[in-house]
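K.L.:
A single structure is presented below for examination.
The values are calculated or read from the model by the stated rules, or taken from the named source; none is laboratory data. Since this is a predicted model, take the numbers as computed values, not measurements. Positions of Cβ are generated from backbone atoms using ideal geometry, with glycine treated the same way; all protein chains shown enter the neighbour counts. The accessibility values were calculated without ligands, DNA or RNA, using every heavy atom of the protein model including side chains. Shrake-Rupley method; radii C 1.70, N 1.55, O 1.52, S 1.80 Å.
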Amino acid sequence: CIKANAKSCGECIQAGPNCGWCKKNDFLQEGEPTSARCDDLAALKSKGCPIEDIENPRGSKQVLEDREVTNRKIGAAEKLKPEAITQIQPQKLVLKLRVGEPQTFSLKFKRAEDYPIDLYYLMDLSYSMKDDLENVKSLGTALMFEMEKITSDFRIGFGSFVEKTVMPYISTTPAKLRNPCTGDQNCTSPFSYKNVLSLTSEGNKFNELVGKQHISGNLDSPEGGFDAIMQVAVCGEQIGWRNVTRLLVFSTDAGFHFAGDGKLGGIVLPNDGKCHLENNMYTMSHYYDYPSIAHLVQKLSENNIQTIFAVTEEFQAVYKELKNLIPKSAVGTLSSNSSNVIQLIIDAYNSLSSEVILENNKLPKGVTISYKSYCKNGVNDTQEDGRKCSNISIGDEVKFEISVTANECPTNGQNETIKIKPLGFTEEVEINLQFVCECQCQSEGEANSPACHEGNGTFECGACRCNEGRIGRLCECSTDEVNSEDMDAYCRRENSTEICSNNGECICGQCVCKKRENTNEVYSGKYCECDNFNCDRSNGLICGGNGICKCRVCECFPNFTGSACDCSLDTLPCMASNGQICNGRGTCECGTCNCTDPKFQGPTCEMCQTCLGVCAEHKDCVQCRAFNKGEKKETCSQECMYFNMTKVESRDKLPQPGQPDPLSHCKEKDVDDCWFYFTYSVNSNGEANVHVVEIPECPSGPDIIPIVAGVVAGIVLIGLALLLIWKLLMIIHDRREFAKFEKEKMNAKWDTVS
């Protein structure tokens with residue numbers, strides 16, 4: 001928005017959809033140009049522009065005509081005129097477009113049942129189609145019968161074509177002009193295109209007139225079918241086309257001539273795309289060249305004609321390529337004698353009508369359009385595929401989301417109209433485009449306002465729009481005075497040779513400061529001497545991110561100070577675990593503890609490598625004051641009066657955790673090896689309080705008798721155990737000796753016997 005350098009509110013809102021204009025009279029700082037009023041909405045609010053003073057007009061949409069799509073069944077008693085049937089909704093709307101802001105609306109399409117159909121059968125009557133003509137002669141009533149299953153309102157017409165009536169396409173000898181066929185064949189004179197039967201609901205009349213047709217002939221293989229298609233498309237009155245489904249069946253067994261081929265016959269004038277039928281005959285084939293494929297596509301689309309190419313197998317590939325170039329067209333394979341033409345038409349019609357493709361006319365300069373389709377079975381698409389839906393049956397409803405965006409305002413400021421329609425259908429959506437290129441406040445401007453230096457401009461939207469020949473923020477100068485040296489003197493600071501501090505231009509005796517590439521960086525001041533980006537920095541941020549840079553000086557947010565706003569006044573980071581700032585052993589400076597006691601260190605002065613704990617530190621003083629003993633008994637009154645002491649009866653009466661003041665629970669031994677309990681806390685006023693249990697817990701002396709008895713009993717028991725062990729060992733030894741004696745005794749007895 002800033003880079004747009006907008007001089008007025010209208011220029012500003014055209015810079016982008018997020019740009020707003022501040023119309024507050026005193027919004028600009030000294031030295032700021034008028035274009036500084038244009039910025040994104042958040043920036044304007046941050047600069048102090050009230051929301052009610054920000055001009056930010058938005059686009060809108062308004063539906064003017066919104067008839068519901070028609071629900072109608074085939075065979076219904078109610079017969080509606082074609083123009084009374086609605087297949088597309090809405091029909092008319094107005095879009096107000098702001099540059100860069102899309103306006104989106106939904107379009108609904110529903111294939112109506114029993115929708116009228118006009119079918120025109122265009123047939124090649126060159127000699128090779130002789131057997132086909134016989135089958136087509138009964139086409140009228142047969143096709144009527146089949147089409148009644150689709151619609152109750154069907155009309156059919158017939159036309160034929162051969163070739164341009166000049167050499168080298170036909171022989172121009174008198175005999176050949178009368179009968180171009182050889183031998184005894186009776187053929188009609190060659191012609192380019194003939195409308196045999198305009199569209200009619202009488203199938204018998206079709207059979208009658210087609211039955212009177214005769215084959216003709218020509219010299220070359222390609223035929224002049226494109227001439228015939230062009231005349232069928234543009235001669236709506238003669239053919240009898242209605243605003244209904246229009247089908248053109250093109251039947252041939254040959255290729256086609258197209259633009260440029262007419263040079264062979266000396267025809268160089270391009271086809272003019274106009275109707276030239278006289279007495280139902282095309283009379284200008286010798287004067288105008290064949291139409292180009294693009295020209296045919298344009299005319300077929302303009303006249304909502306869907307083409308069915310009924311061609312023989314030999315030319316399928318050629319006409320399939322042609323089909324890819326012509327929207328809403330189909331190709332069917334024609335049997336050698338056209339016996340399958342009815343089924344071919346039915347199949348091609350079903351194929352064409354099962355697909356809806358949206359197209360729009362030429363868009364105004366700077367306007368773009370995008371489509372998103374919501375088709376059957378949850379199939380969604382965008383971009384080019386978003387224009388169409390396939391596999392639609394009669395009665396199915398599909399939706400499209402269409403977004404229209406203006407990328408610039410029209411130079412003449414006039415409204416534009418675009419139309420969107422489904423290919424092959426006459427119904428369309430008419431969209432009136434109105435462009436939001438000016439602000440509301442501009443219409444409220446005061447011409448020749450006194451606010452613009454004696455009426456030299458129009459005061460609108462908080463700024464002056466100068467009359468021709470006047471410049472300056474307040475139109476106070478004429479263009480003749482701009483480069484005056486006298487004017488430059490007003491743009492120099494005292495004792496300085498720099499004009500506008502080299503940060504701006506001197507216009508009309510006033511400095512207009514330069515714009516920086518970074519739009520957040522601004523020069524300001526009477527001489528452009530100030531800026532908001534050259535203040536002291538901390539951690540790589542201007543004013544440490546804790547203040548605003550004004551004229552190269554930081555204005556700090558609350559709780560911050562210092563030249564770079566890097567000094568925090570918040571003492572919370574200095575709070576020690578005992579609730580004291582810096583543990584009572586330092587001062588909090590810029591959110592960091594400066595420990596005054598050299599023994600203590602750390603972020604809150606709580607770390608002391610050589611210090612005792614709280615309990616051990618105060619143990620001797622508590623002992624001397626509560627029990628009048630301990631190492632400090634003699635110096636108690638001098639060293640230990642720094643806390644308030646309260647005695648309690650038991651440990652349960654000591655203060656418990658959860659109170660406001662930080663609390664330490666202690667258990668220490670006195671000189672008599674007795675345990676005494678106390679708590680130590682410091683309140684918000686820095687006063688130390690000690691609560692001590694008045695009676696220490698001393699261990700009782702040992703009971704001698706149980707000890708002596710235990711010792712004696714132990715000795716006796718040990719002696720008995722030793723005796724038992726000795727006795728057991730002796731028994732084992734005696735038994736071994738006795739067994740040995742018995743054995744020796746037996747040995748001696750045996751010796752005596754022997």
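K.L.:
So in segment 230-244, with the set limited to residues that are surrounded by 24 or more Cβ atoms within 10 Å (Cβ to Cβ) and not small (Gly, Ala, Ser), which one is farthest from residue 292 (Cα to Cα)?
P.N.:
Looking only at segment 230-244, we keep the residues that are surrounded by 24 or more Cβ atoms within 10 Å (Cβ to Cβ), and these are 230-233, 239.
Keeping just the survivors that are not small (Gly, Ala, Ser) gives 230-232, 239.
Details: 230: 10, 231: 13, 232: 15, 239: 22 Å.
The extreme case among them is 239.
K.L.:
Only one residue in 623, 638 is open to solvent by 60 Å² or more (accessible area, probe 1.4 Å) and part of a helix (DSSP H, G or I), so which one is that? Explain how you work it out, then say what you get.
P.N.:
Numbers: 623 fails: open to solvent by 60 Å² or more (accessible area, probe 1.4 Å).
After ruling out the rest, the residue left standing is 638.
K.L.:
Okay, next question. Looking at 573, 657 in this structure, which one is outside any strand (DSSP E or B), within 60 Å of the chain's Cα centre (by Cα) and touching a residue at least 12 places away in the same chain (Cβ under 8 Å)?
P.N.:
Details: 657 fails: touching a residue at least 12 places away in the same chain (Cβ under 8 Å).
That would be 573, the only listed residue that is outside any strand (DSSP E or B), within 60 Å of the chain's Cα centre (by Cα) and touching a residue at least 12 places away in the same chain (Cβ under 8 Å).
K.L.:
Taking segment 493-521 as the search range and keeping residues that are assigned to a strand (DSSP E or B) and among the hydrophobic types (A, V, I, L, M, F, W, C), which one is nearest to residue 42 (Cα to Cα)?
P.N.:
The initial filter retains those residues of segment 493-521 that are assigned to a strand (DSSP E or B), namely 499, 504-507, 510-513, 515.
Then keep just the ones that are among the hydrophobic types (A, V, I, L, M, F, W, C); that gives 499, 506-507, 511-513.
Working: 499: 33, 506: 30, 507: 30, 511: 27, 512: 24, 513: 23 Å.
That would be 513.
K.L.:
Would you check which residues across segment 592-607 are surrounded by 17 or more Cβ atoms within 10 Å (Cβ to Cβ) and in a loop (DSSP other than H, G, I, E, B) and list them? So that I can check it myself, show each step before the final result.
P.N.:
Of the residues in segment 592-607, the ones surrounded by 17 or more Cβ atoms within 10 Å (Cβ to Cβ) are 593, 595, 600, 604-606.
Selection gives 600, 604, 605, 606.
K.L.:
Could you please let me know if residue 425 is among the aromatic types (Phe, Trp, Tyr) and part of a strand (DSSP E or B)? Full working, then the answer.
P.N.:
Working: among the aromatic types (Phe, Trp, Tyr): yes; part of a strand (DSSP E or B): no.
No: the conditions fail for residue 425.
K.L.:
Out of segment 281-302, which residues are of a type outside the set (A, V, I, L, M), within 24 Å of residue 190 (Cα to Cα) and surrounded by fewer than 18 Cβ atoms within 10 Å (Cβ to Cβ)?
P.N.:
Looking only at segment 281-302, we keep the residues that are of a type outside the set (A, V, I, L, M), and these are 282-283, 285-292, 295, 298-299, 301-302.
Among the residues that remain, those that are also within 24 Å of residue 190 (Cα to Cα) are: 282-283, 285-292.
Listed by number, the residues that qualify are 283, 286, 287, 292.
K.L.:
Taking residue 163, is it open to solvent by 10 Å² or more (accessible area, probe 1.4 Å) and among the acidic types (Asp, Glu)? Explain how you work it out, then say what you get.
P.N.:
Values: open to solvent by 10 Å² or more (accessible area, probe 1.4 Å): no; among the acidic types (Asp, Glu): yes.
When the stated conditions are applied, residue 163 does not pass them.
K.L.:
Considering each residue of segment 694-727, count those that are assigned to a helix (DSSP H, G or I), of a type in the set (A, V, I, L, M, F, W, C) and open to solvent by less than 100 Å² (accessible area, probe 1.4 Å), and give that number.
P.N.:
Within segment 694-727, the first condition is being assigned to a helix (DSSP H, G or I), and the residues that meet it are 704-727.
The next check asks that each one be of a type in the set (A, V, I, L, M, F, W, C); those that pass are 704-705, 707-709, 711-713, 715-718, 720-726.
When the remaining residues are screened for being open to solvent by less than 100 Å² (accessible area, probe 1.4 Å), the result is 707-709, 711-713, 716, 720-721, 725.
So the answer is 10.
K.L.:
Inside segment 362-411, can you point out the residues that are open to solvent by less than 20 Å² (accessible area, probe 1.4 Å), in a strand (DSSP E or B) and either modelled with pLDDT under 90 or touching a helix residue (DSSP H, G or I) at 6+ places or on another chain (Cβ under 8 Å) (or both)?
P.N.:
Within segment 362-411, 371, 373, 389, 398, 400 qualify.
K.L.:
Another question, then. I'm trying to understand the selection: among the residues of segment 255-307, which are of a type in the set (A, V, I, L, M, F, W, C) and within 48 Å of the chain's Cα centre (by Cα)? Spell out how you get there, then give the answer.
P.N.:
From segment 255-307, those of a type in the set (A, V, I, L, M, F, W, C) are 256, 258-259, 264, 267-269, 275, 277, 281, 284, 293-294, 296-297, 300, 305; that's our starting set.
Those that are of a type in the set (A, V, I, L, M, F, W, C) and within 48 Å of the chain's Cα centre (by Cα): 258, 259, 293, 294, 296, 297, 300, 305.
K.L.:
Then there's this: Would you confirm, using the coordinates I've provided, whether residue 201 is modelled with pLDDT under 90, surrounded by 22 or more Cβ atoms within 10 Å (Cβ to Cβ) and in the same structural domain as residue 139 (by the TED database)?
P.N.:
Working: modelled with pLDDT under 90: yes; surrounded by 22 or more Cβ atoms within 10 Å (Cβ to Cβ): no; in the same structural domain as residue 139 (by the TED database): yes.
No, not satisfied.
K.L.:
So residue 139 clears everything in (1) modelled with pLDDT under 80; (2) under 25 Å from residue 278 (Cβ atoms) except one condition, right? Which one?
P.N.:
Of everything listed in (1) modelled with pLDDT under 80; (2) under 25 Å from residue 278 (Cβ atoms), residue 139 misses just condition (2).
K.L.:
Does residue 31 qualify as being outside any loop (DSSP other than H, G, I, E, B), closer than 29 Å to residue 528 by Cα and of a type in the set (Gly, Ala, Ser)?
P.N.:
Numbers: outside any loop (DSSP other than H, G, I, E, B): no; closer than 29 Å to residue 528 by Cα: yes; of a type in the set (Gly, Ala, Ser): yes.
No; evaluated as a whole, the condition is false for this residue.
K.L.:
Give me the pairs: first residue in segment 542-555 and open to solvent by 40 Å² or more (accessible area, probe 1.4 Å), second residue among the polar types (S, T, N, Q) and outside any strand (DSSP E or B), beta-carbon distance under 7 Å, and six or more apart or on different chains, which are they?
P.N.:
550/532; 552/534
K.L.:
Hey, can you tell me all the residues within segment 526-561 that are in a loop (DSSP other than H, G, I, E, B), modelled with pLDDT of 85 or more and out of contact with any helix residue (DSSP H, G or I) (no Cβ under 8 Å at 6 or more places or on another chain)?
P.N.:
Matches in segment 526-561: 532, 533, 534, 540, 546, 551, 552, 557, 558, 559.
K.L.:
Picking from 53, 40, 26, which residue would you name as being open to solvent by less than 90 Å² (accessible area, probe 1.4 Å) and free of Cβ contacts under 8 Å to residues at least 40 places away in the same chain? Step through it out loud before you land on a result.
P.N.:
Details: 53 fails: free of Cβ contacts under 8 Å to residues at least 40 places away in the same chain; 26 fails: open to solvent by less than 90 Å² (accessible area, probe 1.4 Å).
Matching residue, one of 53, 40, 26: 40.
K.L.:
Sticking with this structure for a sec: Among the residues of segment 140-153, write down those that are open to solvent by less than 40 Å² (accessible area, probe 1.4 Å) and more than 48 Å from the chain's Cα centre (by Cα).
P.N.:
Within segment 140-153, the subset open to solvent by less than 40 Å² (accessible area, probe 1.4 Å) is 140, 142-144, 147, 150-151.
Of everything in segment 140-153, those that are open to solvent by less than 40 Å² (accessible area, probe 1.4 Å) and more than 48 Å from the chain's Cα centre (by Cα) turn out to be 140, 142, 143, 144.
K.L.:
Has segment 431-445 got any residue that is buried (at least 20 other Cβ atoms within 10 Å of the Cβ), out of contact with any Gly (no Cβ under 9 Å at 6 or more places or on another chain), assigned to a strand (DSSP E or B) and not hydroxyl-bearing (Ser, Thr, Tyr)?
P.N.:
For segment 431-445, residues buried (at least 20 other Cβ atoms within 10 Å of the Cβ), out of contact with any Gly (no Cβ under 9 Å at 6 or more places or on another chain), assigned to a strand (DSSP E or B) and not hydroxyl-bearing (Ser, Thr, Tyr): present.
K.L.:
Moving on to the next point. Working carefully through the options 264, 219, find the one that is without any contact (Cβ under 8 Å) to a residue 60 or more places away in the chain, among the hydrophobic types (A, V, I, L, M, F, W, C) and open to solvent by 40 Å² or more (accessible area, probe 1.4 Å). Please lay out each step first, then the result.
P.N.:
On the way: 264 fails: without any contact (Cβ under 8 Å) to a residue 60 or more places away in the chain.
Sole residue among the options that is without any contact (Cβ under 8 Å) to a residue 60 or more places away in the chain, among the hydrophobic types (A, V, I, L, M, F, W, C) and open to solvent by 40 Å² or more (accessible area, probe 1.4 Å): 219.
K.L.:
Does any residue of segment 667-679 turn out to be assigned by the TED database to the domain that holds residue 618, modelled with pLDDT under 85, open to solvent by less than 40 Å² (accessible area, probe 1.4 Å) and under 60 Å from the mean Cα position of the chain (by Cα)?
P.N.:
Within segment 667-679, not a single residue is assigned by the TED database to the domain that holds residue 618, modelled with pLDDT under 85, open to solvent by less than 40 Å² (accessible area, probe 1.4 Å) and under 60 Å from the mean Cα position of the chain (by Cα).
K.L.:
Can we say residue 123 is in contact (Cβ under 8 Å) with a residue 40 or more places away in the chain, in a strand (DSSP E or B), assigned by the TED database to the domain that holds residue 223 and open to solvent by less than 10 Å² (accessible area, probe 1.4 Å)? It would help to see each step written out before you state the result.
P.N.:
Working: in contact (Cβ under 8 Å) with a residue 40 or more places away in the chain: yes; in a strand (DSSP E or B): yes; assigned by the TED database to the domain that holds residue 223: yes; open to solvent by less than 10 Å² (accessible area, probe 1.4 Å): yes.
For residue 123, the condition - in contact (Cβ under 8 Å) with a residue 40 or more places away in the chain, in a strand (DSSP E or B), assigned by the TED database to the domain that holds residue 223 and open to solvent by less than 10 Å² (accessible area, probe 1.4 Å) - is met.
K.L.:
Take the residues in segment 34-76 that are hydroxyl-bearing (Ser, Thr, Tyr) and part of a helix (DSSP H, G or I), then tell me which one is farthest from residue 111 (Cα to Cα). I'd like the intermediate steps shown before the answer.
P.N.:
At the first step, the residues of segment 34-76 found to be hydroxyl-bearing (Ser, Thr, Tyr) are 34-35, 46, 60, 70.
Checking which are part of a helix (DSSP H, G or I) leaves us with 34-35, 46.
Details: 34: 57, 35: 54, 46: 54 Å.
Out of the qualifying residues, it is 34.
K.L.:
Could I ask something else about it? If you take the residues of segment 504-525 that are among the small types (Gly, Ala, Ser) and at pLDDT 80 or above, which of them is surrounded by the most Cβ atoms within 10 Å (Cβ to Cβ)?
P.N.:
Taking segment 504-525 as the starting set, the residues that turn out to be among the small types (Gly, Ala, Ser) are 504, 509, 524-525.
Filter once more, keeping what is at pLDDT 80 or above: 504, 524-525.
Numbers: 504: 24, 524: 21, 525: 21.
If we take residues in segment 504-525 being among the small types (Gly, Ala, Ser) and at pLDDT 80 or above, then 504 is surrounded by the most Cβ atoms within 10 Å (Cβ to Cβ).
K.L.:
Given the criteria open to solvent by 10 Å² or more (accessible area, probe 1.4 Å), in a strand (DSSP E or B) and of a type in the set (A, V, I, L, M, F, W, C), does residue 94 qualify? Please lay out each step first, then the result.
P.N.:
Details: open to solvent by 10 Å² or more (accessible area, probe 1.4 Å): yes; in a strand (DSSP E or B): yes; of a type in the set (A, V, I, L, M, F, W, C): yes.
Criteria met by residue 94.
K.L.:
With the checklist (1) without any contact (Cβ under 8 Å) to a residue 12 or more places away in the chain; (2) more than 15 Å from residue 250 (Cα to Cα) in hand, flag the one item residue 320 doesn't pass.
P.N.:
Result: residue 320 fails condition (2) only.
K.L.:
Let me ask another. Could you check segment 201-259 and list, in sequence order, the residues that are among the basic types (Lys, Arg) and in a strand (DSSP E or B)? Write out each step before concluding.
P.N.:
As a first pass, look at segment 201-259 and keep what is among the basic types (Lys, Arg): 205, 212, 242, 246.
The one that is among the basic types (Lys, Arg) and in a strand (DSSP E or B): 246.
K.L.:
Right, next: From the residues in segment 97-120 that are not aliphatic (A, V, I, L, M) and not in a strand (DSSP E or B), which one is most open to solvent (accessible area, probe 1.4 Å)?
P.N.:
Residues of segment 97-120 not aliphatic (A, V, I, L, M): 98, 100-106, 108-111, 113-116, 118, 120.
This time we only want the ones that are not in a strand (DSSP E or B), so: 100, 102, 111, 113-116.
On the way: 100: 33, 102: 69, 111: 21, 113: 43, 114: 5, 115: 16, 116: 2 Å².
Looking at the filtered set, the residue picked out is 102.
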